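Everything on this sheet refers to the single structure shown next.
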Amino acid sequence: MTELVDPIHEAHRDALSGLLARIAQLADELGLKDRVTTLEELRHSVTEPFLFVIVGEVKSGKSSFINALLGAEVCAVAPDPCTDRVNQIVYSDEPFERDAIGLVRKIGVKADILKTIAIVDTPGTGAILREHQTITENFIPHSDLAIFVFSAVNPHTGAAWEMLDFVNAEWRKKVVFVLQQADRVTQTELEVNRRAVEQYAAQRGIREPIIFTTSAIREKRGDQDSGFEEIREFIRKTVTGEAPARSKLANAAAVAEKILEEIGGGLEEQRKALASDEMVSKALADRLANGERRSGREIEDLIQRLELNYDRLSGDLKTRFIGGLSIGELFSRTIGPIFGSTKTIAAWIEELKADFTSRLGPRIEEIAKEGAEHYLDGVRLLLNDLIADLSRARPASSATAPQLYMKLPGWHGETSDSVVKKLRDLLTDDRFATALQGSGATAIPVAIGGGLATLIAVVTGAVAHVLVVDLTGGILTALTAAGAGLFVMFKRRGLIRDFETALDNGRSQFVREVRDKLTAKLSLIYEEIRRVCHPFFDEVESARKKLLPLTEERTRLADELQTQKAAW
């Protein structure tokens with residue numbers, strides 16, 4: 001039986017390889033490039049074939065030994081020494097030979113055994129000494145077993161023993177000795193040469209060397225005493241079998257486990273940091289909402305104050321208007337101007353308009369200025385509070401795991417720092433301040449559009465229409481008729497009613513214009529603040545959505561690794 005590798009191990013190896021690839025993918029998502037490299041190297045180490053380095057000189061039967069050991073024609077058996085190359089024999093669907101590094105020749109052979117076993121066949125002449133460094137640096141450190149093949153006829157050749165000095169003293173690799181071509185010597189000669197090998201090995205510090213005697217010719221004939229089954233059994237127990245193969249997998253799994261623990265610790269730190277950032281994000285959102293509600297209430301308070309003053313001033317206007325509608329006053333304003341003693345009705349109307357305007361305008365400006373300043377202070381306070389909230393987000397220097405440079409958004413504080421800067425810019429931005437306060441001393445004229453004069457004209461224009469049309473066009477004519485007193489008294493009630501309606505309509509339009517315009521401006525202001533804060537909101541949310549799957553994947557991989565280890 002030539003099987004050297006446990007098929008169960010192959011299944012475990014393939015499963016671990018797939019798991020290592022997934023762990024590497026997780027590490028790559030987290031930006032852990034050095035861990036990705038380590039995991040890829042691990043994956044390569046568990047999937048690459050077991051490496052056997054075969055050392056032997058010319059005529060030692062080395063190539064025949066390799067073919068017989070593997071049960072496949074992987075080495076050409078040449079009748080004469082014709083190579084000073086190091087041959088690396090690997091599996092390939094398509095046979096090939098090509099030069100590799102230095103004096104190494106890579107040979108591809110389609111033999112199933114080479115899917116799990118790779119052979120390095122050293123030169124078979126004294127030229128082996130020139131290849132010490134190549135073999136030592138490129139192959140010995142990574143080999144699973146070094147097999148020194150000597151001819152059973154003459155095990156005293158010096159070059160192979162000098163090579164052993166490199167292999168054993170420098171690298172401490174597992175070494176076995178083979179006396180090949182045992183069919184060419186007697187049993188007595190074989191025992192003598194075996195003791196010689198033990199002596200040479202002892203001189204190089206190898207106590208109780210492992211020595212096998214083999215005959216490729218007998219193996220080819222199917223003889224039971226070829227010695228190959230003994231060396232195969234040794235290889236299965238010490239290199240390729242269940243226990244040693246498990247050790248190889250366990251070493252890789254231990255490294256992967258450590259990386260997963262490191263990732264888990266880093267993700268936990270990020271989870272804590274994200275929880276802190278989410279608290280900051282919620283505080284920002286709540287503060288913005290509360291600020292907008294507060295500003296809305298301030299607008300309503302401002303409107304109420306404006307309404308109260310409008311009502312007070314319009315009440316005074318109404319009292320004067322009603323007083324001016326008495327029959328005596330109307331008669332006086334109709335007849336008196338003829339004698340130059342009294343103002344005309346038209347002049348009286350203009351006087352009412354001018355007085356109302358002169359009293360209403362400054363008072364509205366005064367109230368609006370106070371309201372605008374209070375409103376501005378509220379927005380400035382909000383911006384400063386937002387900056388204070390964001391300062392509690394983790395800065396870039398707060399990373400607790402220097403090896404974990406996670407690629408999740410917002411996890412180095414760049415975004416919060418950027419938002420803070422933009423909020424501070426808003427506080428000092430003249431254009432934003434202008435947008436907050438309008439132009440001049442008050443926010444109200446700009447907010448309602450067209451200026452304060454236009455607002456007052458809306459009200460006084462409606463009042464003037466009643467006064468001019470009804471007084472000059474109706475009552476004045478009636479005063480020249482008989483029974484004018486009764487007519488004026490009847491008309492007076494309608495005029496007062498129309499006057500009150502005009503004042504009410506003026507107030508309604510005034511309030512509506514102020515509320516609509518200031519509410520629209522309020523929305524624009526908070527929309528601008530939210531626009532500045534949104535990158536932080538977005539990145540916290542993005543980190544939250546990304547962190548959970550990464551954490552779940554890490555847990556899944558750790559569980560699968562433990563399951564695989566238990567199956568070994």
On the basis of being outside any loop (DSSP other than H, G, I, E, B), surrounded by 19 or more Cβ atoms within 10 Å (Cβ to Cβ) and touching a Lys or Arg at 6+ places or on another chain (Cβ under 7 Å), does Leu302 make the cut? no
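Rundown of residues vs (1) assigned by TED's automatic domain parsing to the domain that holds Ile364; (2) within 30 Å of Ser508 (Cα to Cα); (3) modelled with pLDDT of 85 or more, yes/no style:
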site	(1), (2), (3)
Leu302	yes, yes, no
Asp311	yes, yes, yes
Thr319	yes, yes, yes
Leu325	yes, yes, no
Phe331	yes, no, no
Ile338	yes, no, no
Name the one entry in Val197, Val239, Val255, Val280 that is more than 30 Å from Val420 (Cα to Cα) and in contact with an Asp or Glu (Cβ under 6 Å, 6 or more places away or on another chain). Val239
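From the list Ile147, Ile135, Ile119, Ile113, which one is modelled with pLDDT under 75 and either closer than 20 Å to Ala76 by Cβ or assigned to a loop (DSSP other than H, G, I, E, B) (or both)?
Ile135
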Scope segment 496-520; condition touching a residue at least 40 places away in the same chain (Cβ under 8 Å) and either outside the structural domain of Gln304 (by TED's automatic domain parsing) or not charged (D, E, K, R) (or both); matching residues: Ile496, Phe499, Ala502, Leu503, Asn505, Gly506, Gln509, Phe510, Val511, Val514, Leu518, Thr519
Arg512 being at pLDDT 75 or above and surrounded by fewer than 14 Cβ atoms within 10 Å (Cβ to Cβ): yes
Hey, can you tell me all the residues within segment 207-219 that are under 17 Å from Ile231 (Cβ atoms) and either assigned to a helix (DSSP H, G or I) or of a type outside the set (S, T, N, Q) (or both)? Glu208, Pro209, Ile210, Ile211, Phe212, Ala216, Ile217, Arg218, Glu219
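Just wondering, is there one or more residues in segment 182-191 that are modelled with pLDDT of 90 or more, polar (S, T, N, Q) and in a helix (DSSP H, G or I)?
Scanning segment 182-191, I find at least one residue that is modelled with pLDDT of 90 or more, polar (S, T, N, Q) and in a helix (DSSP H, G or I), so the answer is yes.
The values are calculated or read from the model by the stated rules, or taken from the named source; none is laboratory data. Model, not experiment: these values are computed from the prediction. For neighbour counting, all protein chains shown are included, and Cβ atoms are generated from backbone atoms with ideal geometry for every residue, glycine included.
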